[in-house]
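These notes are about the structure you will find just below.
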Amino acid sequence: MPARLDAVRLLSLDAHGRVLDWMSWQDATCLYARGAVAWTLGDPCLTVHGGTSRTTGERSQMELHPIIAARGHARPQALDPTPALTNAALFARDQHLCLYCGREFHRQQLTRDHVMPLSQGGRDHWENVVAACFHCNSRKGGRTPQQASMPLLAVPYRPSWIEHLILSNRNILADQMTFLKSHLPKRKARFQCSARMPGPSQRGGRSDAPSA
């Protein structure tokens, strides 16, 4: 199976054009086969080959589009699902920057920091967590940024579902990105400083468990 098939994700919409999620080419193929595709956008991006016809001797094929609206799939217009809070999603939201020192790190070199510490009643949700390097997280400890005299470089926020889809897919096709960007909420610039500081070449440790 070509690697391209596994790398590409197709954008699933409901019949009204509201964004649902990424889907695999296998799921998309099932929609086409069932006649459940309402409409599509973009030029075909994948061709899936099937079996050979006994009658004609020709091999069947199906062209898949990058954006697919399906019948029978609907999402309430006002609903904006909350993305799952994972370290990978958090670090992507914060552009792999430590929001205390401003340096850029690899995923393995970052931790989840609770702005209002759990020990002081803080909660583990999007609006209370930021990416932090091990050094800054250890220095801050169980204190708030104000108590530790460590001001945040940006305000934590809950990403919209559209932002989450963009952040979670490294292989977005041009037609998909154009469509998703047209549905992004308008936000003011988050970061108080625009320049990224170079990150250290090596720091170790696990980052899966939430930190203080």
Quick calc: nm separation of the 7 Å Cα→Cβ label points for R54 and E104 -> 5.9
Residue-ordered couplings for the range 95-107, obtained by feeding phi - 60° into the Karplus form 6.51 cos²θ - 1.76 cosθ + 1.60 and rounding to whole Hz (Gly and Pro as x), are 6, 6, 9, 6, 7, 10, 9, x, 7, 8, 9, 6, 4
Taking only the alpha-carbon atoms of the range 3-70, the convex hull volume per residue, in cubic angstrom, is 89
Non-local residues with an amide H under 5 Å from the amide H of W39, with H modelled 1.01 Å from N and Pro and chain starts lacking one, are A69
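Since every read-out is calculated from the coordinates, none of them should be taken as a lab result. Since the model is a prediction, treat every value here as computed from it, not as a measurement. Reconstructed Cβ throughout: ideal geometry from the backbone, glycine too, with neighbour counts over all protein chains shown.
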